Amino acid sequence: MQITSFKQYEEDFKKSVENPEQFWGEVAQNFQWRKPWFKVLSWNFEAPEIKWFEGAKLNITENCLDRHLEKSGDQPAIIWEPNNPEEESVTLTYKMLHERVCRFANVLKRNGAKKGDRICIYMPMVPELAIAVLACARIGAVHSVIFGGFSAKSIADRINDSQCKVVITADGAYRGSKQIPLKDVIDDALIGCPTVEKCIVLTHVRTPVSMLKGRDVWWEDEVKHVNDICEAEEMDAEDMLFILYTSGSTGKPKGVVHTCGGYMVYAGYTFANVFNYQPGEVYFCTADIGWITGHSYIVYGPLSQGATSVLFEGIPTYPTPSRFWDVVEKHKVNTLYTAPTAIRSLMSYGDEPLEGKDLSSIRVLGSVGEPINEEAWHWFDEKIGKGKAPIVDTWWQTETGGIMISPIATVTPTKPSFATLPLPGIQPILVDENGQEIVGNGVMGNLCIKFPWPGMLRTTYGDHERCKQTYFSTYPNLYFTGDGCLRDEDGYYRITGRVDDVLNVSGHRIGTAEVENAINMHAGVVESAVVGYPHDVKGQGIYAFVINPEMHGEAELTKKDILQTVTRVIGAIAKPDKILFVSGLPKTRSGKIMRRILRKVAEGDTSNLGDTSTLLDPAVVDEIIEAAKALK
Ligand code: PRX
């Protein structure tokens, strides 16, 4: 299954296009199935209806755990590095992880969870988070992991959307020098969540928490009541494995649904290939399991391949900006997979944090989540890879389940800021606004995918129509990614960023509509418009134009109040970087906000605003430009 030469890549790619069923059927043979499929693929992008490995039975945890026990049971599966470097790190071998997953799976059963139930997980980056995820999969329950930075309201919305029965959380989390009261946040969320029957609480920071009789139980107590034998539930390849909520350009976040068989094959295949993983190597992905990168490339991908995956609780700059390099040196990390925003942030500290650090174990570097600018690419290459480690700039999305366009380490010649070429099985196509294919090289367009791949989303939870509208209706018979893309003279792909109203802030995906809704909930705010602007470290910053005639005290204080509202409604990750109070917004006669103008203002480039003749009140634009100049 592993590609070892560029020639092989070309051959595999060709085969995957000419005969996709044979190609994926062969890849899937590298996994363990209880019962084989009778059909590799049936699909229809119009409905959409996509089925991979139809009729096959499996349990993903048997692939991630059981099948490694005999040969590599004593090999480390997870190395946990705590937030505080003074604390001991923890290594769980495959045997230990298997035992703990089975035990916790029995805890879930004891608390009423069964196949098909939805379970919300809101936890710190500790081994028990991976254990909770795998325990859900073990019993066939559907996990919905929520990133620890989301607010009580965001959690409640997600829990209610998928009617979760059980919540798994911890008393609190460490994040650098801060402590986050997870259970308090969950308590606030659960006031409005009638479907939740049980809440299992892990002790981590041991801060005082309220435990509600009949609903809340301690993780540590529960595991004492069960044994560690848990036969894996037999799942259909197309049974739901997990839901992960993500932002779009309209409305509330959608629950992207991934299924057991296709997702497993795709996460495992892409992990083994993109990172050129070799047995015994230590692989470190710095993402949080609350995002898709953590699902696919901390948990399922690496473990399905018997790899050793580092799980890091902390942040790159705590206690010092040397922390990543300390972790690399301590655990002799061979592959480091991180985000451009982290690279840019660490780059800003200069060379000092790197002095005396032994990074010689590094063999492969990876980047994900946002476009990587050339400066950051070169710094990563020279300072961290010492010019010897290939950089895989991996483009993909929550919806794609796994990496789509990326170099294959040691195989594909790289080019700074290019995600390079599609992986075997992926058929990208660039289209213009009218959906016409843009052929040839040296062209730009909207990135679509014209053929299914095993890891693709199947639906959005509880609302199939929304899935259809969002991804399959913009251009008939194509999956639309929402990204703009350049294909250069060599046929290499560079992702240029979103073409819809979705922002990418520090690699986090945030819908402008969501932020606007949150701001509009603030007392006194009449209306708001949110756009992104280039930000040196975050990639994009959030710029909010707000009509707020009823200031409560000073403007600066009101801005802080608004930030507090956004933090309450969504979470701190969605806080605008800049707020500009205005008396009106540039609208067309039909009432549509001309975001193009606001983007220009936010970028600080108002020399050419384009056609403004359809504006209802052009004077508003001048006022906004003047006000923006005064804003720091
Ligand atoms: O705009 C693209 C950007 O991140 C979006 C997907 O965000 P999310 O679903 O949160 O998943 C992030 C982790 C896979 C994409 O639509 N993006 C992701 N990777 C890259 C990227 N943009 C440029 N280059 C990348 N390598």
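Could we say that residue 566 is assigned to a helix (DSSP H, G or I) and either within 16 Å of the ligand (Cβ to nearest atom) or among the aromatic types (Phe, Trp, Tyr) (or both) here? No; evaluated as a whole, the condition is false for this residue. Within segment 387-420, the set of residues being hydroxyl-bearing (Ser, Thr, Tyr) and either part of a helix (DSSP H, G or I) or farther than 20 Å from residue 268 by Cα (or both) comprises 398, 400, 414, 417, 420.
Residues of segment 70-122 that are under 18 Å from residue 216 (Cα atoms), crowded, with 22+ Cβ neighbours inside 10 Å and either out of contact with any helix residue (DSSP H, G or I) (no Cβ under 8 Å at 6 or more places or on another chain) or outside the structural domain of residue 145 (by TED's automatic domain parsing) (or both): 118 alone. As for segment 430-453, it holds no residue that is part of a loop (DSSP other than H, G, I, E, B), touching a residue at least 60 places away in the same chain (Cβ under 8 Å) and of a type in the set (Asp, Glu).
Annotation note: Cβ proximity below 9 Å between a residue of segment 584-596 that is within 18 Å of residue 627 (Cα to Cα) and a residue that is among the polar types (S, T, N, Q) (sequence gap 6+ or interchain) occurs for 585/528; 586/612; 594/588; 594/612; 594/614; 595/512. Here 461, 475 are screened, and the one residue that is farther than 27 Å from residue 406 by Cβ, away from the ligand (no atom under 11 Å from the Cβ), in contact (Cβ under 8 Å) with a residue 12 or more places away in the chain and of a type in the set (Phe, Trp, Tyr) is 461. The condition of being hydrophobic (A, V, I, L, M, F, W, C), under 17 Å from residue 32 (Cβ atoms) and touching a Ser or Thr at 6+ places or on another chain (Cβ under 8 Å) holds for only one of 232, 307, 287, that being 232.
The single condition among (1) over 19 Å from residue 149 (Cα atoms); (2) at pLDDT 95 or above; (3) buried (at least 20 other Cβ atoms within 10 Å of the Cβ); (4) more than 16 Å from the ligand (Cβ to nearest atom) that residue 518 does not satisfy is (1).
Tell me whether segment 480-491 contains one or more residues that are within 11 Å of the ligand (Cβ to nearest atom) and either charged (D, E, K, R) or at positive phi (or both). Within segment 480-491 (the criterion being within 11 Å of the ligand (Cβ to nearest atom) and either charged (D, E, K, R) or at positive phi (or both)), the answer is yes, since at least one residue qualifies. Can you tell me which residue is farthest from the ligand (Cβ to nearest atom) among those in segment 257-279 that are in a strand (DSSP E or B) and surrounded by 24 or more Cβ atoms within 10 Å (Cβ to Cβ)? Per the stated criteria, the residue is 259.
Of the candidates 410, 398, 414, the single residue that is more than 12 Å from the ligand (Cβ to nearest atom), among the hydroxyl-bearing types (Ser, Thr, Tyr) and touching a residue at least 60 places away in the same chain (Cβ under 8 Å) is 410.
The strands (runs of 3 or more DSSP E) located wholly in segment 478-532 that include 2 or more residues which are of a type in the set (Phe, Trp, Tyr) occupy 479-487.
The values are calculated or read from the model by the stated rules, or taken from the named source; none is laboratory data. Please read these numbers as outputs of a predicted model, since none were measured by experiment. Glycine gets a Cβ as well: all are built from the backbone with ideal geometry, and neighbour counts include every protein chain shown.
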